[in-house]
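A short write-up of the structure that comes next.
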Amino acid sequence: MPFLDEKYLMRSEAALAIYKSISDKPVLDLHSHIDIKTLAQNKKFDNVWDLFAGDSTYVWEVLRKRNVDEHFITGDASPKEKWLAMAEVFPEIAGNPVYEWLHFELKYYLGIDIVLDTYTAEDIWEQANEQLNKESMKPISLLESMNVQLICTIDDPIANLDFHEKVNSKTDKLVVCPTWRPDKAINISSPDWLNYMNKIEERYQVRLTSVIDLVYAMQLSHNYFEDNGCITSDYNLEFPVTGIASEDQADIIFNRAITGEKPTPDEVKTFISYMIGEFAEMDSETGWVSQLHMGAHPKDRDEPIENILSSSSTQHLYYSLKEFLDKFAGRLKVALYCMDANQQGTLAELARKYGADICLGSAWWFNETPIGLRRQLEFIGSIDLLSNFGGMTSDSNKILSIGSRFDMFRRVLSDTLANMVDLGQMPFSVAVELAERMAYSGPYQFWCTSSDKDDS
Amino acid sequence: MPFLDEKYLMRSEAALAIYKSISDKPVLDLHSHIDIKTLAQNKKFDNVWDLFAGDSTYVWEVLRKRNVDEHFITGDASPKEKWLAMAEVFPEIAGNPVYEWLHFELKYYLGIDIVLDTYTAEDIWEQANEQLNKESMKPISLLESMNVQLICTIDDPIANLDFHEKVNSKTDKLVVCPTWRPDKAINISSPDWLNYMNKIEERYQVRLTSVIDLVYAMQLSHNYFEDNGCITSDYNLEFPVTGIASEDQADIIFNRAITGEKPTPDEVKTFISYMIGEFAEMDSETGWVSQLHMGAHPKDRDEPIENILSSSSTQHLYYSLKEFLDKFAGRLKVALYCMDANQQGTLAELARKYGADICLGSAWWFNETPIGLRRQLEFIGSIDLLSNFGGMTSDSNKILSIGSRFDMFRRVLSDTLANMVDLGQMPFSVAVELAERMAYSGPYQFWCTSSDKDDS
Amino acid sequence: MPFLDEKYLMRSEAALAIYKSISDKPVLDLHSHIDIKTLAQNKKFDNVWDLFAGDSTYVWEVLRKRNVDEHFITGDASPKEKWLAMAEVFPEIAGNPVYEWLHFELKYYLGIDIVLDTYTAEDIWEQANEQLNKESMKPISLLESMNVQLICTIDDPIANLDFHEKVNSKTDKLVVCPTWRPDKAINISSPDWLNYMNKIEERYQVRLTSVIDLVYAMQLSHNYFEDNGCITSDYNLEFPVTGIASEDQADIIFNRAITGEKPTPDEVKTFISYMIGEFAEMDSETGWVSQLHMGAHPKDRDEPIENILSSSSTQHLYYSLKEFLDKFAGRLKVALYCMDANQQGTLAELARKYGADICLGSAWWFNETPIGLRRQLEFIGSIDLLSNFGGMTSDSNKILSIGSRFDMFRRVLSDTLANMVDLGQMPFSVAVELAERMAYSGPYQFWCTSSDKDDS
């Protein structure tokens, strides 16, 4: 049975050969939702439900699609009851990457090569839980065994970064870096924003009487992150921004909002554009990579969004980003991500235009599947350059996901390049070099060296 | 020659094996434009032009692309002259599914395995017309021989449903159900709307003095359809709706329109959103599946549509549907279709979010081709779940189309799943179960049982 | 090694067989940026940098992505230094079509079958430059040897067309035609527009006191082009136009702009829509093909574009073009191109609706890659008809590009059709005929015969 065998996701011998040449390269997970506290505590997993599904919204969603009662997902059922309920519907999940990830992790990290269903659930429960007793199954050991060299966690600007230091002191193989993600500071229309402003005042001992004070406090936070090994920031953009807006306008909007007044959609856009512009200046100064994530749909909104939405066409994405990239050309490294697969062509067109400092990130969220990864690589290769690929990211909060997702990416990458070799589009030796560059050395150079230009 | 052979549309032995396991499953055509009167009359076809092309806009369009004179398409030429004119250009149609459907139907339903061109046209004309004399070539017999178990026709709320009863009394194998499609009642900007209001008054003996009266009359119609075996409604949406609008607003708009006043685009949107909300309440009550068809381009419009169109971005589709799905979450079954292949990812993202009651329908219209069907299945499988697929539909007014289109779907489905098996993404046995679920039992459960939850 | 071997880009024996049947068909390059003066001078190339990269923005962009210093791209470095700098990073370009085009041209037009990198750069430099000394390496001879039968250059309405006559007098095998591209006359918001109006006055001895004068001058230019063998016009549309706007409105806008007043975005749209309508009337009169190129992003804009951009959704593209096509139905041949691959389905849907006079052009710009060409052909075949394909174009200013790009297209075409044959979708003989029609006779009939209808 070819299920998850050596040639999993690969169509040819050339693909397998390329894969073998990169499968042992270290993993750089440049965008991870791993909880740093979990790593710092480094406790064994209680059971295989907790390991695979306990905190995985991906798994929860597919169980709900199969009518599993919430009691057995996030409710009061015991972990074993949840595991059995999941197993009952698991064959119905096939075709979705969740099916492949779990089986891949079972097989390659727990050594259990059994297909999960209602008949095998008990057996796997026993075998897997026994595995979890081993020291080698603690989070940090798991990451080391998956050859993870770098994890960039996602952190709030007011976070204390002591946990990162603690984790780094425990391991020589793995480095954990924070990522500066200031969403809460700029979501001026959120009901939580005022409260968050108070937290910033407290954390950085700054009285926020103007937008300049806010920028100053954020600079203190940026400095703190820089001092603690941060190499990248992350901006989740609900709409395209130019990074260009006047300080005076931003200040007026800030001053109204700080009194509890609700900003208009246009004011929200102006304020966020201004702040992103200021943050990009800070990133430019420290040589961080600015990650721009676009096209995710915020889960809940209690306000009209017509005005914001009207600006979200592909054309608008193009011209807004172009203004941003023009402003920072030559002094800022940017990684672009878009959840809407239809807009990745537009991002590739922009990335191509702006030279080595601007790269396309990996396929993201719903696109991080065999078919989505392949499409993204085909786009990148034909519009931008594969060599300039920004690198795979797990975007996950599950420890094992880093292994299974990077492996999936490397297989699809190998298969995509091998297909080009088989079609006569490049020599095999060139494909092998390209695979290595995309899997490791390219992202390493882009993210982990202070200036891209110096190393070229 | 592999043309339409056993492995038609399939790339591997695994595909053929999966196909063989589902090819004899009954056909449930959940969205069909078959004319119920034609079935009730159940007359033999006069000739092979009438059978294949007489009422097929698909065929007409491709003949026009090849410069066939309208005289030989919808004009006064004899059926034989039309057949010969079609045959002359038919080789030039290759690559379009019309080419495959006709040859497939010739081969598998008429037993004529000849490629149509100007040289074979006479011969096929003779052979085929002879076939059409048989009793087994009458519409109902043809449907029975194609193993069709259910056809949902499309019906106007003022329709008389006696023909459905008549057809059902003639056959034990096939059930014909109406579908409640109230487009004409809500297209308040149409020049025909006032006239249609008169027809509703007459049909349901209700004086329409307010929007409440209209909702009441539509409820009577809904009841009548429910009593006559209806299991689904169908809404053709020109723009995304939320299903949320106040009765007062809707009533004001109604009262103006009923006097002949032209509504503004915003009023059209408000009115339709209100009515769809009311219809969804009715569907929820009876447990029908609400079909939402989006992205078709209305053939003719004699009014400016700028305001309506400005709201048709992907983002707007997402948030409007989200409001609708939030409102009816847990109490309404919905099938989502979009003609724009680019927006199917957005629909899949939504379907995934809302559990088992919301499903993605099959690829639609121009996407109902080998390449379009495959893309749709790949999207569904990787974003939503293949198991939750809403089922194939013919969307056709041609009897034989039901057979050829479902067969095309089942081949592409088998090939798509087999490709995943061959790539090690799922075991073969799991793929076989999944194929059966998608081809028959999944749609049966979703559409034909009163509550999805009870059966899980 | 399969790199660029006989089966380059092809997956099956059937593909190779189809390719062999069309590979010697003459090339009709219906949209080329070849500089007519270069052809008229017909001088030998100085060196292989000038031949391959000297004026190629495609090459420049990929070198910049690999951090090559501008000194070695467009700067003062010698051609040999530039060649060596390019060679150093060239393996990193793999996956982008630029990599394949250059190697293909080296192999098939210069007979040098060596992979370019830093170690082979000197050797290729020597061998290639030696080749360039031959008479057969002069531009016109190169084009003849690539079997180019027709080149439509892109020309300004005020251009002098004497060079075309000169080139045509030098060769019996190749015909060079001008293309009428009046972008500068309609870009009323451009800072150069006023100056261009002066040039038109001078060139055609017309005093421009109203929009009618401008239309009259453009008609004189159109006549001049018609007299000089022009068969097509080309309109680069930044936003969709209907071709419908009143002369009075256009005249008011013209009269303000001619005094230096800045038009509003809405005025720009009205003016351009009016002018395109007038130009389409002229094209209809002479039987030219009107090329509509959409979705390219203008390089620089110094004005707010919000209003223009807000109208660029897929829905708007559809309805605007529909108005245009309705207006000119039955009396104008149109070729549609869109750079945004997501919108090609919409164009195909329209092309299908309007019969033989409206065709889809080839994939364009960033889509002119193996993967982009294949997608475009799959779309065309399943929505519109492959038989009605508008024909490949090089869209390039490089002589050798015509050869390598048409060859790439013909290989992808052969592979796409062969894949349909292998999947049982059409007989092999039908695919061979279709390939010939798409590669040569279809475009010849559409572009080079005065009336499409007469020849059917």
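Structure above, values below:
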{"item": "Set A:25, A:20, A:65: member being free of Cβ contacts under 8 Å to residues at least 24 places away in the same chain, within 30 Å of residue C:2 (Cα to Cα) and of a type outside the set (Gly, Ala, Ser)", "result": "A:20"}
{"item": "Lone qualifier among C:409, C:446 - being within 30 Å of residue C:286 (Cβ to Cβ), among the aromatic types (Phe, Trp, Tyr) and crowded, with 23+ Cβ neighbours inside 10 Å", "result": "C:409"}
{"item": "Test result for residue A:287, at pLDDT below 95 and at positive phi", "result": "no"}
{"item": "Given (1) touching a Gly at 6+ places or on another chain (Cβ under 6 Å); (2) more than 28 Å from residue C:416 (Cα to Cα); (3) of a type outside the set (A, V, I, L, M), index of the condition residue B:131 fails", "result": "(1)"}
{"item": "Residue in the range C:2-14 that is modelled with pLDDT under 95 and within 14 Å of chain A (Cβ to nearest Cβ) present", "result": "yes"}
{"item": "Filter pass, residue B:362 being surrounded by fewer than 24 Cβ atoms within 10 Å (Cβ to Cβ), without any contact (Cβ under 8 Å) to a residue 60 or more places away in the chain and within 20 Å of residue B:415 (Cα to Cα)", "result": "no"}
{"item": "Flag for residue C:227 being farther than 29 Å from residue C:316 by Cβ, surrounded by fewer than 18 Cβ atoms within 10 Å (Cβ to Cβ) and at pLDDT 95 or above", "result": "yes"}
{"item": "Yes/no for residue A:389 being over 26 Å from residue A:269 (Cβ atoms) and modelled with pLDDT under 90", "result": "no"}
{"item": "Of all residues making up the range C:354-370, the number that are at pLDDT 95 or above and at the interface with another protein chain (Cβ under 8 Å from one of its Cβ atoms)", "result": "3"}
{"item": "Checking residue A:122 against (1) farther than 25 Å from residue A:90 by Cα; (2) surrounded by fewer than 16 Cβ atoms within 10 Å (Cβ to Cβ), the condition it does not meet", "result": "(1)"}
{"item": "In the range B:23-55, the residues that are among the β-branched types (Val, Ile, Thr) and surrounded by 20 or more Cβ atoms within 10 Å (Cβ to Cβ)", "result": "B:27, B:34, B:36, B:48"}
{"item": "Spans of helices (runs of 4 or more DSSP H) in the range B:41-117 with at least 3 residues of a type outside the set (Phe, Trp, Tyr), within 24 Å of the chain's Cα centre (by Cα) and at positive phi", "result": "none"}
{"item": "Within the range C:371-383, tally of residues that are under 13 Å from residue C:344 (Cβ atoms), more than 7 Å from chain B (Cβ to nearest Cβ) and not aromatic (Phe, Trp, Tyr)", "result": "7"}
{"item": "Leading residue by the ranking (farthest from residue A:378 (Cα to Cα)) among those in the range C:370-390 that are surrounded by fewer than 24 Cβ atoms within 10 Å (Cβ to Cβ) and touching a residue at least 40 places away in the same chain (Cβ under 8 Å)", "result": "C:374"}
{"item": "Residue check for residue B:27: on the phi < 0 side of the Ramachandran plot and within 14 Å of chain C (Cβ to nearest Cβ)", "result": "no"}
{"item": "Any hit, the range B:290-299, residues being closer than 15 Å to residue B:155 by Cα, at pLDDT 95 or above and in a helix (DSSP H, G or I)", "result": "no"}
{"item": "Leading residue by the ranking (nearest to the other protein chains (Cβ to nearest Cβ)) among those in the range B:43-79 that are within 27 Å of residue B:143 (Cα to Cα) and charged (D, E, K, R)", "result": "B:61"}
{"item": "Subset of the range A:331-351 that is of a type in the set (D, E, K, R) and either modelled with pLDDT under 95 or not assigned by TED's automatic domain parsing to the domain that holds residue A:232 (or both) - its residue that is surrounded by the fewest Cβ atoms within 10 Å (Cβ to Cβ)", "result": "A:349"}
{"item": "Residue satisfying condition, being buried (at least 24 other Cβ atoms within 10 Å of the Cβ), of a type in the set (Gly, Ala, Ser) and farther than 16 Å from residue C:401 by Cα, within set C:75, C:95", "result": "C:95"}
{"item": "Single condition residue A:396 does not satisfy, out of (1) among the polar types (S, T, N, Q); (2) crowded, with 24+ Cβ neighbours inside 10 Å; (3) under 15 Å from the mean Cα position of the chain (by Cα)", "result": "(2)"}
{"item": "Subset of the range A:403-443 [within 14 Å of residue A:20 (Cα to Cα), of a type in the set (D, E, K, R) and within 14 Å of chain C (Cβ to nearest Cβ)]", "result": "A:415, A:433, A:436"}
{"item": "Candidate set from the range C:246-266 (those that are part of a loop (DSSP other than H, G, I, E, B) and β-branched (Val, Ile, Thr)); member that is farthest from residue C:213 (Cα to Cα)", "result": "C:264"}
{"item": "Pick from the range C:78-92, criterion charged (D, E, K, R) and touching a residue at least 12 places away in the same chain (Cβ under 8 Å), ranking: surrounded by the fewest Cβ atoms within 10 Å (Cβ to Cβ)", "result": "C:80"}
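The values are calculated or read from the model by the stated rules, or taken from the named source; none is laboratory data. Every value quoted in this text rests on a predicted model; they were computed, and no experiment measured them. Every residue, glycine among them, receives a Cβ derived from its backbone with ideal geometry; neighbour counts consider all protein chains shown.
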